[in-house]
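Please read the structure below before turning to the comments.
Please treat every number below as a calculation from the coordinates, not as lab data. Just so it is clear, the structure is predicted and the values come from calculations on it, not from any experiment. FYI the Cβ positions are ideal-geometry reconstructions off the backbone, even for glycines, and counts take in every protein chain you see.
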There are 2 protein chains.
Amino acid sequence: MSSIKIALVGIGKIAIDQHLPALAHNADFELVALVSRSIAEQQEILERYPQARPFHDMDELLASGIAVDAVSLCVPPTVRYSLAVQALEAGLDVLLEKPPGRGVAEVESLRKIAEKQQRTLFASWHSRHAEQVENARVWLADKTPRAMTIEWREDVRFWHPEQEWVWEAGGMGVFDPAINAFSIATLLLPEGFYFTEAQLDIPGNRQQPIAATLKGALSGTHGGSVEVTLDWQKTGDPLWQIDITTDQGVMTLEEGGAHLVIDGKRADGSASPGEYPGLYQHFAELVKRNVLDVDARPLTLVADALMMGNRREVAEFHW
Amino acid sequence: MSSIKIALVGIGKIAIDQHLPALAHNADFELVALVSRSIAEQQEILERYPQARPFHDMDELLASGIAVDAVSLCVPPTVRYSLAVQALEAGLDVLLEKPPGRGVAEVESLRKIAEKQQRTLFASWHSRHAEQVENARVWLADKTPRAMTIEWREDVRFWHPEQEWVWEAGGMGVFDPAINAFSIATLLLPEGFYFTEAQLDIPGNRQQPIAATLKGALSGTHGGSVEVTLDWQKTGDPLWQIDITTDQGVMTLEEGGAHLVIDGKRADGSASPGEYPGLYQHFAELVKRNVLDVDARPLTLVADALMMGNRREVAEFHW
C-alpha cells in the first residue's frame with residue numbers, strides 16, 4: 001500500500017508539539033495539507049513542512065480536489081463533530097484527538113456514521129501509547145485482577161496556565177488529566193470496572209472539580225475494589241500512577257505509562273516509540289485494515305463520576 | 001413453553017403499585033417468590049399473593065431450591081448490580097427497574113456478564129411501553145426527522161414528596177423524570193441524537209438541578225435541532241410532551257406517551273396494554289428468545305447533560 005495522504009486540521013499547540021513531529025517520522029503517512037483558520041499567519045510552520053498545502057478550512061480542503069485519504073482533527077471538541085462527519089461523508093478516514101466529543105452520545109453517533117460510510121474512525125487516547133503500556137497489558141493478560149488504585153496528581157498552573165476553559169462547563173476540571181488514566185486502565189482491564197461513588201471538590205469560584213476521590217469495583221460479583229485519587233494542585237513532578245493487584249503479583253505503571261514495575265522492581269520491557277508516534281502507528285494499521293477504534297469508555301467514566309459525584313465546595317482557585 | 005417462574009425482589013411502592021398487578025394479569029409468568037428484607041411485616045401482600053413464597057433476601061431464595069427462572073429487581077440502584085450478578089450467575093434471567101445502574105459503566109458491565117452467562121437481561125424503561133409509543137415509532141419509521149423538542153414539566157412535591165434522595169448525589173434531580181422522556185426519544189429515533197450544551201438550575205441548598213434546558217442535534221451532518229426543557233416545579237397536571245418534526249409532518253406524543261397527535265390532530269391507534277403490562281409482555285418475549293435488551297442510552301444522555309452542563313444557582317428549594 002502506498003502512503004496515506006493526510007491533512008492535519010487545527011494547527012495549535014498539540015498539533016505543532018506532537019502531531020507534526022510524529023507524522024514527520026512515520027513513513028506510512030504523507031502530510032499533504034495543513035488546515036487552520038490562521039494558516040496565513042503560520043509562516044514558520046508552512047516553511048518547516050513545504051510539501052503540505054495550506055487551507056483555511058475543511059470546505060476549502062475538500063473543494064481543492066487535492067488527493068487526500070485521511071484527516072487528523074486537533075480542533076477543539078466543540079467543532080470536532082461536524083468536521084468529522086464532513087470528512088467521513090467525503091470518504092476520508094478520521095483521527096480524533098482526545099476527548100472524542102463533548103459527550104458520550106456524540107461519540108456513539110460518530111461511530112455509527114463511520115460504520116455506515118465504511119471509513120476508519122480512530123478516537124485516539126494518546127496515553128494508551130506510552131512506552132510501557134503495551135507491556136503492562138501483556139503482563140496482565142493471563143492474570144486475574146483483584147484491585148486497582150489510580151493516583152493522578154499534577155499542577156494545573158503548569159499544565160494549563162491561565163486556561164479558563166478548564167473550569168467552565170464541559171471543561172471537566174481535574175478529569176481533563178484523569179481521562180488519560182482512565183484510557184490506560186480501560187485498555188489494561190478488558191473486563192472493565194465502574195464507579196459507585198465520587199467525592200468532587202469544587203472551588204467556590206469555579207464550576208469544575210479541582211480534586212476528586214472515586215470508589216468503584218472491577219466488573220463481576222467479587223470484583224475487587226477500585227480507588228481513584230485526583231488532585232490538580234500538586235506542584236513539582238506530577239504523580240501519574242496506576243497499581244493493579246492480581247492473583248500473581250502487583251503491577252505498577254509509573255509516570256503515566258513510561259515505566260513498569262512488577263512487585264516493586266523496575267520491569268520495563270521493550271518500549272513503544274512513544275505516545276504520538278505510537279498513536280499514528282496504530283492509526284496506520286487501522287486505515288490499512290479499514291476498521292474502527294472508537295472506545296468511549298474513558299469519557300463514560302468521567303460522565304459517570306460527574307453524574308454520581310457528591311459536590312463539596314472548597315477554597316477558591318486563582319491562577 | 002410453560003410459564004416463567006418469577007421472583008419479585010424489593011417489595012416497595014413501585015412493586016406493589018405496578019409490578020404485582022402487571023404480573024397477576026400476565027399468563028406468561030407465574031409469581032413464585034416475594035423477596036424483601038421486611039417481608040415478615042408485609043402480611044397483607046403475602047395474603048394477596050398466596051402462591052408466592054416469602055424470602056428475606058436473594059441468598060435465601062437461591063438456597064431454598066424452589067424452581068425459579070427469572071427475577072425482577074425493584075430494589076434501589078445502589079444494591080441492584082450485585083443482586084443482578086448473583087442472579088445471572090445462578091442461571092436466572094433478570095429484569096431491572098429503571099435506571100439500570102448508578103452509572104453507564106456499571107450497566108455495560110452487567111451486559112457483559114449477562115452475555116457471558118447467556119441469560120436474558122432486560123434493562124427496562126417503563127415509559128417505552130406507554131399506550132401510543134409503539135404507534136409513534138411505526139409512524140416515524142418511514143419519515144426523516146428534522147427536529148425534536150421535549151418538554152417535561154411536573155411537580156416534584158407531588159411525585160416525590162419529601163424524598164430527600166432526589167436532591168442528593170446520584171439522585172439526578174429533574175433528570176429523574178427526564179430519563180423517561182429520553183427512553184422514549186431514543187426508541188423513536190434509532191439514528192440517535194446528542195446534547196451539545198446544557199443549562200442546569202441548582203437550588204442554593206441542593207446538589208441536583210430543579211430545572212434544565214438542553215440543546216443538541218439529531219445524528220448526522222444536517223441533523224436538525226434538539227431542544228429540551230425540564231422543570232420540576234409545575235403544579236397541576238404534568239406536561240410530558242415530545243414533538244418530532246419530519247419531512248412528512250409533525251408528530252406529538254402527549255401525556256408521556258398516552259396520546260399521539262399528527263399535524264395537530266389526535267391520531268391514537270390501537271393502544272398497548274399500558275406501561276408495566278407492556279413491559280412484562282416484552283420481558284416474556286426476550287426470555288423466550290433468550291436475548292438481551294440493555295440500552296443504556298437514556299442514562300448516557302443524563303450523564304452527558306450533567307457532565308457538560310453550566311450550573312447556575314437558583315432559589316433554595318424547601319418541601
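Odds and ends about this structure:
- Distant alpha-carbon pairs in chain A (separation over 23 angstrom), percent: 59 percent
- Spatial separation of Cα centroids for the stretch A:165-184 and the stretch B:111-139, in angstrom: 33 Å
- Within the listed set A:A185, A:A305, A:A90, the residue fluctuating most in the Gaussian network model of chain A (springs between alpha-carbon atoms under 10 angstrom) is A:A90.
- Considering only the protein assembly as shown, percent of DSSP beta bridges that pair antiparallel, nearest 5: 50 percent
- A cut-off under 12 angstrom between Cβ atoms defines the neighbours of A:V156, and their net charge, with Lys, Arg +1 and Asp, Glu -1, is -2.
- Between the stretch B:16-67 and the stretch B:145-164, the Cα center-to-center distance that results, in Å: 32 Å
- Counting lysine pairs in chain A whose alpha carbons fall under 28 angstrom apart, excluding pairs fewer than 8 residues apart on the same chain, gives 19.
- With its label point defined 7 Å out from Cα along the Cα-to-Cβ axis, A:R157 lies at 4.8 nm from the matching points of the other copies, in increasing order.
- Inter-chain shielding of B:194-205 (mean C-beta neighbours from other protein chains, 10 Å cut-off): 3
- In this simple spin-label model, placing a label point 7 Å from the Cα along the Cα-to-Cβ direction at both B:N310 and B:H25 gives a separation of 4.7 nm.
- Nearest-first distances (nm) between copies at A:V250, label 7 Å from Cα via Cβ: 6.4
- Each 10 Å bin from zero holds the following percent of Cα-Cα pairs in the stretch B:188-273: 14, 36, 35, 13, 2.
- Note on the stretch A:243-286: semi-axes of the ellipsoid equivalent to its C-alpha gyration tensor, largest first and rounded to whole Å, are 26, 11, 8.
- Packing rank of B:53-65, B:200-212, where each peptide gets the mean count of other beta carbons within 10 Å, highest leading: B:200-212, B:53-65
- Each eigenvalue of the Cα gyration tensor of the protein assembly as shown, multiplied by 5 and square-rooted, gives one semi-axis; in descending order these are 43, 30, 25 Å.
- Shortest-first distances to equivalent copies, position A:Q42, nm, label 7 Å out along Cβ: 6.3
- Shape category assigned to the stretch B:35-194 from the gyration tensor of Cα positions, a/c cut at 1.5: prolate
- Across peptide A:94-107, the average count of Cβ atoms from other chains found within 10 Å of a residue's Cβ is 5.
- Relative packing of peptides B:222-231, B:20-29 - highest average C-beta neighbours within 10 Å first: B:222-231, B:20-29
- Mean residue ellipticity, 222 nm, helices only, the protein assembly as shown: the sum of -39500 (n - 2.57) across DSSP H runs of n ≥ 4, divided by residue count and rounded to 500, is -9000 deg cm²/dmol.
- Summarising the rotation from chain B to chain A, the nearest chain B beta-carbon to the axis and its distance in Å are given as B:A303, 2.
- For chain B, built as a Gaussian network whose Cα springs stay under 10 Å, the top-fluctuating residue of B:R111, B:R153, B:R289: B:R289
- Pairwise inverse Cα distances across the stretch B:1-121, averaged and inverted, put the Kirkwood hydrodynamic radius at 14.5 Å.
- Distance from the stretch A:203-232 to the stretch B:215-276 (C-alpha centre basis), Å: 37 Å
- Exercise: per-residue mean of other protein chain Cβ atoms within 10 Å, A:301-314: 6
- Test item: Cα-centred dipole of the stretch A:171-319, Lys/Arg +1 and Asp/Glu -1 on Cβ, debye: 220 debye
- Kirkwood Rh, angstrom, the stretch A:72-132 [1 / mean 1/r, Cα pairs]: 11.7 Å
- This model, with +1 at the C-beta of Lys and Arg and -1 at the C-beta of Asp and Glu, gives the stretch B:1-118 a dipole about its Cα centre of some 240 debye.
- Classified by the C-alpha gyration tensor, the stretch A:225-319 has an oblate form. Its axis ratio a/c, with a ≥ b ≥ c, is 1.5 or above, and a/b does not exceed b/c.
- Of the beta bridges in chain A, as assigned by DSSP with both residues counted there, near 50 percent are antiparallel.
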